[in-house]
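A short worksheet on the structure shown next.
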Amino acid sequence: MTDLTFFATAPQGLIELLADELRDLGTDGVRLQPAGVYFRGPLALGYRVCLWSRLAGRVLLEVASGPAHDASALYTTVQRIDWREHVGPRGTIAVDFTGANASIVHTRFGAQRVKDAIVDQLAARTGARPAVTITRPDVRVHVHLRRPPSRGPRDMFEEAGHDEAVIAIDLAGEGLHRRGYREDGAEAPLKENLAAALLLRAGW
């Protein structure tokens, strides 16, 4: 089975609880980060976490990473992915973008360049352009700018920018706290994952 890299998001205070939950669900390579937890496993495991996790906010499947020191490099990195494997030419997409660097200072600009790269590629290869929508897209793409891995000890004191883009697909498409049974009801006083964390902390 293919070993894939996933990232489950969670707010501060829930990350250690989420890591324990992911281990109980059978994940490997659990690694805590400030915004969530990395884990590894086959695609079926990622979907299992979407279905059964009480604490994760989103489950992201990492599909690529590469240079993003400026808008042109970001565009090229996104175009290295064959987007026909993820979205149909007449499908719909949404792009979430986080992080910034010296050249990409606004998340909206970063998201626009990612969208352009995806749409331009599909238009060139299929003759059709996918639509962009923020409401129930067929594929939600998440791109995060981070510092690239250190090249060695000599770089440890250098000022590093967030010049690497990590490109992922949101497996659920919506935040996991927005369960379907809430769609026609009133707004919950707490997000379900936060309520679950409170119960776990209390030993319920």
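We did not get these values from a lab; they are worked out from the coordinates using the rules stated. If you're wondering where the values come from, they're calculated on a predicted model, not measured in any experiment. Here the Cβ positions follow ideal geometry from the backbone for every residue, glycine too, while neighbour counts run over all protein chains shown.
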Q | Length added when fully stretched, GLN12-ARG90, from 0.36 nm per residue minus Cα-Cα | A | 24.3 nm
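Length gain on complete extension for the stretch ASP116 to ASP20, per 0.36 nm per residue less the alpha carbon to alpha carbon distance? Could the numbers behind the result be given before it?
Numbers: separation 96, 0.36 × 96 = 34.56 nm, distance 3.87 nm.
Length gained between ASP116 and ASP20: 30.7 nm.
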Q | In Hz, Karplus ³J(HN,Hα) per residue of segment 4-18 (6.51, -1.76, 1.60; θ = phi - 60°; x = Gly, Pro) | A | 9, 9, 10, 9, 9, 8, 6, x, 4, x, 10, 5, 5, 4, 5
Q) So which trypsin sites (Lys or Arg not before Pro) in segment 83-152 pass both tests, a DSSP loop state and at most 11 other Cβ atoms within 10 Å of the Cβ? A) ARG151
